[in-house]
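Working notes, structure below.
The values are calculated or read from the model by the stated rules, or taken from the named source; none is laboratory data. Everything numeric in this text was worked out from a predicted model, so none of it was measured. Backbone-built Cβ (ideal geometry, glycine too); neighbour counts: all protein chains shown.
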Amino acid sequence: MSSASATSHSRLADLVGSSRVIIEPEQLASFEIDGMLPAAVIRPESKAHVAEIVKFAGSEKLSLVAAGGVAANLRLRDRLAALAASAGLAFVAPPVALCTDNGAMIAWVGLERLRLGLVDGLENPYRKG
């Protein structure tokens with residue numbers, strides 16, 4: 001991990017608490033999309049956390065990604081998209097219809113990976129068994 005990354009992760013942990021920031025590669029693997037791992041996954045627990053994260057992301061030129069129930073909530077989704085736009089951030093979220101069912105979200109990611117030719121064999125190190 002670079003010094004800049006370590007500083008960013010430390011700052012995020014200061015903003016929302018270390019238990020709400022995922023940075024370990026083994027844990028980040030489940031958040032992989034299109035062959036790319038996020039640098040970190042942040043799980044805010046309040047509006048104040050979201051505001052601090054967006055401010056931080058804007059200063060670091062990062063993207064704001066929403067998924068699951070948060071991305072399924074149209075009001076939250078619209079507000080996050082507007083917040084991201086006001087901070088100059090890209091906003092990324094799966095199609096709303098896929099956000100309420102984890103199985104559907106996983107299938108969507110699998111389809112996107114397949115379209116890109118990103119296929120994991122049975123020897124995938126993250127596969128248990």
Legend entry - Unique residue being touching a strand residue (DSSP E or B) at 6+ places or on another chain (Cβ under 9 Å) and farther than 27 Å from Leu111 by Cβ when the list is Leu28, Leu12, Leu64, Leu80: Leu12
Legend entry - Members of segment 84-121 that are in contact (Cβ under 8 Å) with a residue 40 or more places away in the chain and basic (Lys, Arg): Arg113
Legend entry - Enumeration of residues in segment 37-61 that are within 11 Å of the chain's Cα centre (by Cα) and farther than 13 Å from Val16 by Cα: Leu37, Pro38, Ala39
Legend entry - Those residues of segment 27-66 which are surrounded by 12 or more Cβ atoms within 10 Å (Cβ to Cβ), among the aliphatic types (A, V, I, L, M) and at pLDDT below 80, in sequence order: Ile33, Leu37, Ala39
Inset, instruction - Check whether at least one residue in segment 112-126 is surrounded by 13 or more Cβ atoms within 10 Å (Cβ to Cβ) and not in a helix (DSSP H, G or I), and report yes or no. - result: yes
Inset, instruction - Give the residue that is farthest from Pro94 (Cα to Cα), with candidates limited to residues of segment 18-59 that are charged (D, E, K, R) and not in a helix (DSSP H, G or I). - result: Glu24
Legend entry - Total residues in segment 71-83, condition without any contact (Cβ under 8 Å) to a residue 24 or more places away in the chain and part of a helix (DSSP H, G or I): 8
Legend entry - Long-range neighbours under 9 Å by Cβ, at least six apart or interchain, first residue closer than 16 Å to Ser86 by Cα within segment 40-54, second modelled with pLDDT of 85 or more and loosely packed, with under 12 Cβ neighbours inside 10 Å: Val54/Ser86
Inset, instruction - Please determine, by comparing only the residues of segment 90-109 that are over 15 Å from Pro38 (Cα atoms) and in a loop (DSSP other than H, G, I, E, B), which one is modelled with the lowest pLDDT. - result: Asp101
Inset, instruction - Would you check if Ala57 is out of contact with any Cys (no Cβ under 6 Å at 6 or more places or on another chain) and within 23 Å of Leu12 (Cβ to Cβ)? - result: yes
